[in-house]
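Structure first, commentary second.
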Amino acid sequence: MGTSSGVMLYDFASKRAISKVKPKNPVIKNAIWSKNFAKLAIISRTYITFVDKLFNILFEVKISEPVLSGYFNDNDVFLYSTHYHVKYIINKDSCGIIATLTERGYLVAILGSTLHYVSQKGALATMKVDMSEYNYKLGITRGRIGEVIGQLSKGEIVGSLSIRYLEQQGLPEIALNYEKDERHKFSLAKASRNLEAALEAALQMKRRDCLSELAEEAMKQGNMKVAETCYQKMLAFDKLVFLYVLQGDFLKLEKIMNLAKTKLKDQMLEYQTALVIGKVESQAKLLAEAGHLPLAYAIARKHKLESLVPPLAEAIKNDPQISQGVLEVKVGLRK
């Protein structure tokens, strides 16, 4: 029963209102029950409000055209006609157009791919309609994934919007198999935790930001192999050092140290690597080359590197900017 502010469920036997609902647009044009009376579509000029049998609002859909007719089919999907279209509403996020009308029509039924309607002249008419999109979205929302994959494989559903819909419905792992754009494929692979596919897409794009993003995700998931590949492609040697320390891979750490020395000429990286793997002689030499003679001398004396101690002591003596007391203080480290 309509009221000034909405719709009420009225029990004529007891003569009382059981429940009330206030749609966004309170000016109601029509109300249509589903076949099992479990759901009601309350139609206004600008909204269709769906409620359950106790008048709890399920969801509301904004519409741009007045509704001429409508009904719930056997799948509990609301089908309706406007001046120019036949449309469907599965749920709030799954709506669409089935057909464009050449004349105003009032729905009778859609059976298979045939639309039965009453024309404005009052004649019963039919027309063929494409139900592919409707069946696709219905299959996804009802969990009939086998049917959905079949449609995609046969090419019945094409376009980026259908792939986006799969992602929106929480099925990125299926969307990944049909996505062509590498950037979006990368996002889908990450969302479905398929790091190998994400790595393949990132390598195809050759984008450092994607590699960095993937490496971070791989570290969170404990996929050291993917993280290592990303860091290698990024030439992020400092991160590789950290990764190899976590893995205890001293052989690869030594390779990085040698690479830093011979090809990269990166003393900081070489020293960092020597520090984590305990190459004290390399540490002392690098400090000396960098002009940190007291530190180099302290390390050499502490670790009894007799081949380095005399030349370092001599270099300190010949440097007027270094206090000679350093030699005595450092000798105390030997105790």
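The values are calculated or read from the model by the stated rules, or taken from the named source; none is laboratory data. Note that this is a predicted model, so its numbers are computed, not measured. Ideal geometry is used to build each Cβ from the backbone, glycine not excepted, and the neighbour counts take in all protein chains shown. With ligands, DNA and RNA removed, areas are computed over all heavy atoms of the protein, side chains included. Shrake-Rupley method; radii C 1.70, N 1.55, O 1.52, S 1.80 Å.
Of note:
- Tyr10, Tyr88, ranked by accessible area, largest first (probe 1.4 Å): Tyr10, Tyr88
- Ligands, DNA and RNA left out, the accessible area of the chain computed with a 1.4 Å probe is 52% carbon and sulfur.
- Taking trypsin sites (Lys or Arg not before Pro) across the stretch 227-270, the ones in a DSSP loop with at most 10 further Cβ atoms lying within 10 angstrom of their Cβ are Lys265.
- Farthest toward positive dipole pole in the chain [+1 Lys/Arg, -1 Asp/Glu at C-beta], among Ile145, Gly105, Thr262: Gly105
- The residues of the stretch 194-268 present an accessible area of 61 Å² per residue when probed at 1.4 Å with all protein chains retained.
- For the stretch 303-311, the Karplus equation 6.51 cos²θ - 1.76 cosθ + 1.60, evaluated at θ = phi - 60°, returns couplings of 9, 6, 8, 5, 6, 9, 4, x, x Hz by residue, with Gly and Pro reported as x.
- Looking at the stretch 1-106, the accessible area is 54 square angstrom per residue; that uses a 1.4 Å probe and ignores ligands, DNA and RNA.
- Interchain or long-range residues, amide H under 5 Å from His85's placed H: Leu101
- Along the stretch 95-103 the Karplus relation, 6.51 cos²θ - 1.76 cosθ + 1.60 evaluated at θ = phi - 60°, assigns HN-Hα couplings of 10, x, 10, 8, 7, 9, 8, 8, 8 Hz to successive residues, with x for each Gly and Pro.
- Of (1) 29, 26, 20; (2) 76, 24, 15; (3) 33, 26, 19, the label for semi-axes √(5λ) of the Cα gyration tensor in Å derived from the coordinates: (2)
- Dipole orientation for the stretch 182-275: of the candidates Leu240, Cys230, Leu253, Cys230 has the Cα lying most toward the positive pole (charges on Cβ; Lys, Arg +1; Asp, Glu -1).
- At most 14 other Cβ within 10 Å, DSSP loop - GluC sites (Glu not before Pro), the stretch 234-318: Glu306
- J(HN,Hα) series, the stretch 210-222, from Karplus relation 6.51 cos²θ - 1.76 cosθ + 1.60, nearest Hz, glycine and proline x: 5, 5, 5, 4, 5, 4, 4, 5, 5, 5, 5, 8, x
- Sparse packing (at most 13 other Cβ atoms within 10 Å of the Cβ) combined with a DSSP loop state is found for the following trypsin sites (Lys or Arg not before Pro) in the stretch 11-113: Lys15, Lys24, Lys35, Arg45, Lys92.
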